[in-house]
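First the structure, in the form of structure tokens, and then the observations on it.
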Amino acid sequence: MSEREKIYIFDTTLRDGEQSPGAAMNVEEKIQIAHQLAKLNVDVIEAGFPISSPGDFEAVKRIAEEIKGPEICGLARAVEEDIVTCWEAIKGAEKPRIHTFIGTSDIHIQGQLRKSRDEVLRMAAEAVRLARSLCPKVEFSPMDATRTDREYLIDVILAAIEAGASVINIPDTVGYALPDEFADLIAFVRERIPDHVIISVHCHDDLGMATANSLAAIKAGARQVECTINGLGERAGNAALEEIVMAIRTRHDYFDRFYTEINTKEIYNTSRLVSRCTGFEVPPNKAIVGANAFAHSSGVHQDGVLKDRRTFEIMNPQDIGIPATKFVLTPRSGRKALKHKLSELGYELTDEQLEKVYQRFLKLADKKKEVHEADLEAIMRDEFKAIPETYRLESIQVMSGSGLIPTATVTLRRGDQLIRDSATGDGPVDATYKAIDRITGLSVELTDYSIRAVTSGKDAIGEVTVRIKNGGRTFVGHGASTDIIEASAKAYVDAINKMIYMTGNA
Ligand code: KIV
Ligand code: ZN
């Protein structure tokens, strides 16, 4: 059996990813993401393009000083000022790397740089030499490599290696290549450069080929892949880190000797964080990290997954850090899927009860395309009106604002009794929940809180959904009001009432 070979993961979310129009992040957000990338165990973090703005310089410098583990890389054009500034930003890193680049296709040389091929070759070599005199590790990219004349490409690459580059990155800058063609280019470069030099690839997704091209390149000799979380990046984006890593892992039969050292259980958290910081929602059908990537809607699929997950899932969602397989109920969902979903919500029903709920579910599912948890909750509330309101929210008063410690005073009714208590918290909702906990004396763990506007405008009704956990079971509560604190309190009390009813715990 051939020896195992590591594929180095070079994350450029903070550099190329940040070039996505509208994805600008502030310094604190970049540092938070860099910490998470270190947890994910990427090999290299390209932290930014220090010359591009004072903010970028500061972010790269702070990341270089704070983040331990991965190499910290900064980008620089092949000009002195960029390289010196880049070094100033990254020199505090445990393992610094300068990444310098210049366009090498005739389109770039003539159309943008307005220079000759010889001049560009000289600039590349001088830039690498200067970078190498400052930094022990230098990466060079001939930009637009896939549209560059092959013999000239090799001349520039050899000049960069001669000047001290130990990583040569082959960018498909405009996402023009196709997998066979790109693999052929990588094999061509591999044959012509010394073995100790690592070939990296950097693929853009203009034709939707970024992941396929990167994977084809690995087979042809590339050992570093440049990629971004959620596939962010200039225009259509870069190859998505999660796709590259999970393809290599899931298809180990095909990529037998290759592996990455990514801690895949951190993929989902990283994806969520990047989405929050950039404000870019992950499309529901996005491979690996989309909300539907592990959701099963058809009855046949749901039945299969409940019997044996492998029937319709090629990856285990837990390996990516996704809590559990999601079921979206549709008219095609069967009784077993419904029972499973209800039990996740904390309802254990007899066969007779289940049959009643199933008939109501089918009627609703015929009208709506998808049945959500809130719909099931409504059916359950209606069908089992008997779920008693052990506690009912009577009133709530909250004090919060800048400079004030958020304090809530809550009054709950239990039978004829009115019980009032107060608490402080990290915010008004936290203070409210702590006051409710003091009244009920129950030990519950809040595992999820979400709010959505049901109507629009400033008098919009906010619907809060919470999940609480007790003794390994989850209970969901809903509350709606034009006052979001009141909606939050109602949702929490609703979940507690359900818990008391289902567990007999009061
Ligand atoms: O796409 C590209 O060519 C780049 C280079 C700077 C590597 O982002
Ligand atoms: Zn790029």
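The values are calculated or read from the model by the stated rules, or taken from the named source; none is laboratory data. Computed from a prediction, not measured in an experiment: that's the story for all the values here. Heads up, the Cβs are rebuilt from the backbone with ideal geometry, glycines too, and the neighbour counts pull from every protein chain shown. Side chains included, ligands, DNA and RNA excluded: accessible areas come from the protein's heavy atoms. Shrake-Rupley method; radii C 1.70, N 1.55, O 1.52, S 1.80 Å.
Examine the range 97-108 for a residue that is more than 16 Å from ligand 2 (Cβ to nearest atom), more than 19 Å from Arg129 (Cβ to Cβ) and either part of a loop (DSSP other than H, G, I, E, B) or of a type in the set (Phe, Trp, Tyr) (or both), and state whether such a residue exists. No. As for the range 431-438, it holds at least one residue that is farther than 24 Å from Met502 by Cβ, open to solvent by less than 80 Å² (accessible area, probe 1.4 Å), modelled with pLDDT of 90 or more and outside any loop (DSSP other than H, G, I, E, B). Looking across the range 189-215, the residues that are farther than 22 Å from Ala159 by Cα and surrounded by fewer than 23 Cβ atoms within 10 Å (Cβ to Cβ) come down to Asp205, Asp206, Leu207, Gly208, Met209, Ala212.
Scoring Tyr176 on the criteria (1) within 16 Å of ligand 2 (Cβ to nearest atom); (2) without any contact (Cβ under 8 Å) to a residue 40 or more places away in the chain; (3) closer than 30 Å to Pro317 by Cα leaves a single failure, condition (3). Can Thr424 be described as open to solvent by 60 Å² or more (accessible area, probe 1.4 Å), among the hydroxyl-bearing types (Ser, Thr, Tyr) and in contact with a helix residue (DSSP H, G or I) (Cβ under 8 Å, 6 or more places away or on another chain)? Against the criterion (open to solvent by 60 Å² or more (accessible area, probe 1.4 Å), among the hydroxyl-bearing types (Ser, Thr, Tyr) and in contact with a helix residue (DSSP H, G or I) (Cβ under 8 Å, 6 or more places away or on another chain)), Thr424 qualifies. Exactly one residue among Gly48, Gly69, Gly17 is of a type in the set (Gly, Ala, Ser), touching a helix residue (DSSP H, G or I) at 6+ places or on another chain (Cβ under 6 Å) and within 13 Å of ligand 1 (Cβ to nearest atom), and that residue is Gly48.
Of the residues examined, Asp144 is not one that is away from ligand 2 (no atom under 16 Å from the Cβ) and not hydrophobic (A, V, I, L, M, F, W, C). Determine if the range 194-210 includes at least one residue that is in a helix (DSSP H, G or I) and more than 12 Å from ligand 1 (Cβ to nearest atom). For the range 194-210, residues in a helix (DSSP H, G or I) and more than 12 Å from ligand 1 (Cβ to nearest atom): absent. Note on the range 260-286: residues that are surrounded by 20 or more Cβ atoms within 10 Å (Cβ to Cβ) and closer than 28 Å to Glu5 by Cα total 7.
Selection of the range 17-60 for residues being surrounded by fewer than 24 Cβ atoms within 10 Å (Cβ to Cβ), within 16 Å of ligand 2 (Cβ to nearest atom), more than 16 Å from the chain's Cα centre (by Cα) and under 18 Å from Asn238 (Cα atoms) yields Gln19, Pro21. If the condition is being within 14 Å of Glu139 (Cβ to Cβ), free of Cβ contacts under 8 Å to residues at least 60 places away in the same chain and buried (at least 24 other Cβ atoms within 10 Å of the Cβ), then the range 75-92 contributes Ala76, Ala78, Ile83, Cys86, Ile90.
Within 13 Å of ligand 2 (Cβ to nearest atom), outside any strand (DSSP E or B) and open to solvent by 10 Å² or more (accessible area, probe 1.4 Å): is that true of Ala183 in this structure? In short, no. Which of the residues that make up the range 287-314 are modelled with pLDDT of 85 or more and open to solvent by less than 30 Å² (accessible area, probe 1.4 Å)? Result: Ile288, Val289, Gly290, Phe294, Glu313. Determine, yes or no, whether Ala93 is more than 16 Å from ligand 1 (Cβ to nearest atom) and part of a helix (DSSP H, G or I). So Ala93 does not fit the description; no. Quick check: is even one residue across the range 249-257 in the same structural domain as Ile9 (by TED's automatic domain parsing), under 26 Å from Ile218 (Cβ atoms) and part of a helix (DSSP H, G or I)? Within the range 249-257, one or more residues are in the same structural domain as Ile9 (by TED's automatic domain parsing), under 26 Å from Ile218 (Cβ atoms) and part of a helix (DSSP H, G or I). Of the residues examined, Ala236 is one that is in the same structural domain as Gly48 (by TED's automatic domain parsing), surrounded by fewer than 24 Cβ atoms within 10 Å (Cβ to Cβ), within 12 Å of ligand 1 (Cβ to nearest atom) and within 17 Å of Thr13 (Cα to Cα).
The sole residue among Ala145, Ala163 that is in the same structural domain as Asn213 (by TED's automatic domain parsing), more than 25 Å from Arg235 (Cα to Cα) and out of contact with any Asp or Glu (no Cβ under 6 Å at 6 or more places or on another chain) is Ala163. Step by step: first the residues of the range 162-180, then only those that are surrounded by 19 or more Cβ atoms within 10 Å (Cβ to Cβ) and under 12 Å from Phe140 (Cα atoms), then the one that is farthest from the chain's Cα centre (by Cα). Which residue is that? This residue is Ala163.
The set of residues in the range 275-327 that are closer than 28 Å to Thr228 by Cβ, assigned to a helix (DSSP H, G or I) and not hydrophobic (A, V, I, L, M, F, W, C) comprises Ser275, Arg276, Thr278, Pro317, Gln318, Asp319. Assigned by TED's automatic domain parsing to the domain that holds Ile157, closer than 23 Å to Leu158 by Cα and β-branched (Val, Ile, Thr) - does that describe any residue in the range 61-81? Taking every residue of the range 61-81 in turn, at least one turns out to be assigned by TED's automatic domain parsing to the domain that holds Ile157, closer than 23 Å to Leu158 by Cα and β-branched (Val, Ile, Thr).
Of the residues making up the range 121-146, just one is within 14 Å of ligand 1 (Cβ to nearest atom), farther than 14 Å from Ile98 by Cβ and either out of contact with any strand residue (DSSP E or B) (no Cβ under 9 Å at 6 or more places or on another chain) or of a type in the set (Val, Ile, Thr) (or both), namely Thr146. Note on the range 364-379: residues that are part of a helix (DSSP H, G or I) and either exposed (fewer than 11 other Cβ atoms within 10 Å of the Cβ) or assigned by TED's automatic domain parsing to the domain that holds Gly472 (or both) amount to 2.
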